[in-house]
Amino acid sequence: MSRKTKEDSIKTRELLLEAALDVFSEKSFSDVTLNEIAERVGMTKGAFYWHFKNKSDILFNLIEEIHLSFEREFEEKFGEPKTLADLNDYYKKKLVPPDRNDRFMKINAMMLRRFEWPDEVRSNLLLLLKDQITREKRMVNDILRRSQEEGVIRKDIETEDVSAAITTVFYGLFILVFSKTVAEDLTSCADFISDAFRKELLYKAD
């Protein structure tokens, strides 16, 4: 495939994914047709199959691309934490409510319909989230282990247990912020939660 043809193919795929976002944010999964998605970018259903196998395939590819783009943008903007202090800043930034632009509102509307999606799509989404949480636990665990080696935190704690607790708490708060479940600014919670963990990590109970 020539470079120009490959670039055209990538561009067409991106257009199809954006068209799918438009449609899936407006309708339930069962009401969406492949023709409708293809027609939004001036394609035929036959051309659609060059890029995606079926309706479930384009939906999951769309979800995966949204998920990966959020991760890439956050990492490029803020980097990866290396110390306990960095970790507090990392989660404070993650808890900043996202810009509620038009695309965000479409993504949110689509995600609110997730209980209508096929089991296969929802299972793949769950695997995607589990993978993200596993990588985040590993990141936190690496910071805790380095802190132990440097004598910053207690030697007797199980870093894997603590990293699981930290990740679970902050990931839960992130979901609340992203889904607009709460209206409050939760960034202030990051300092309180981080201080609570830090006190437990640095000092033994009497």
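The values are calculated or read from the model by the stated rules, or taken from the named source; none is laboratory data. It should be emphasised that the depicted structure is a prediction, and the values quoted were computed from it without experimental measurement. A quick note on method: Cβ atoms are made from the backbone with ideal geometry, for glycine too, and the neighbour counts reach across all protein chains shown. Surface areas here come from the heavy atoms of the whole protein model, side chains and all, with no ligands, DNA or RNA. Shrake-Rupley method; radii C 1.70, N 1.55, O 1.52, S 1.80 Å.
Could you put 14, 158 in order of accessible surface area, largest first, with the 1.4 Å probe and the full protein assembly present?
158, 14
In the full protein assembly as shown, how much of residue 176 is accessible to a 1.4 Å probe, in Å² to the nearest 10?
About 60 Å², rounded to the nearest 10.
How far is helix 84-94 tilted off the main Cα axis of the chain, in degrees rounded to 10, range 0 to 90?
30 degrees
With a Förster radius of 22 Å, plug the Cβ-Cβ distance of residue 126 and residue 175 into 1/(1 + (r/R0)^6) and report the FRET value to the nearest 0.05.
0.95
Based on the alpha-carbon gyration tensor of the range 1-89 and its eigenvalue square roots a ≥ b ≥ c, which shape applies: rounded if a/c is under 1.5, prolate if not and a/b is larger than b/c, or oblate? Write down the numbers at each step before the final one.
Details: a/c = 3.50, a/b = 1.80, b/c = 1.94.
Note, shape of the range 1-89 comes out oblate.
For a test of the definition: using alpha carbon positions, the gyration tensor, and the 1.5 limit on a/c, classify the range 118-202 as rounded, prolate or oblate.
In terms of gyration-tensor shape, oblate.
Under a straight-distance cross-link criterion of Cα-Cα below 12 Å, which aspartates and glutamates are reachable from residue 55, leaving out those fewer than 8 residues away in the same chain?
31, 36, 120
Quick one: which of 93/137; 130/199; 106/137; 94/199 span more than 19 angstrom between C-alpha atoms?
In this structure, 130/199; 106/137; 94/199 exceed 19 Å between Cα atoms.
Lys and Arg at +1, Asp and Glu at -1: add these up for the other residues within a Cβ distance under 9 Å of residue 167 and post the number.
Combined, the nearby Lys, Arg, Asp and Glu give 0.
How much net charge surrounds residue 39 when only the other residues with a Cβ under 13 Å from the Cβ of residue 39 are counted, with Lys and Arg +1 and Asp and Glu -1?
0
For the chain, what's the radius of gyration and Dmax over Cα atoms, in angstrom?
Gyration radius and largest Cα-Cα distance of the chain: 20.9, 71 Å.
Tell me, rounded to the nearest percent, the portion of alpha carbon pairs in the range 60-132 spaced more than 18 Å apart.
I get 51 percent for the Cα pairs in the range 60-132 exceeding 18 Å.
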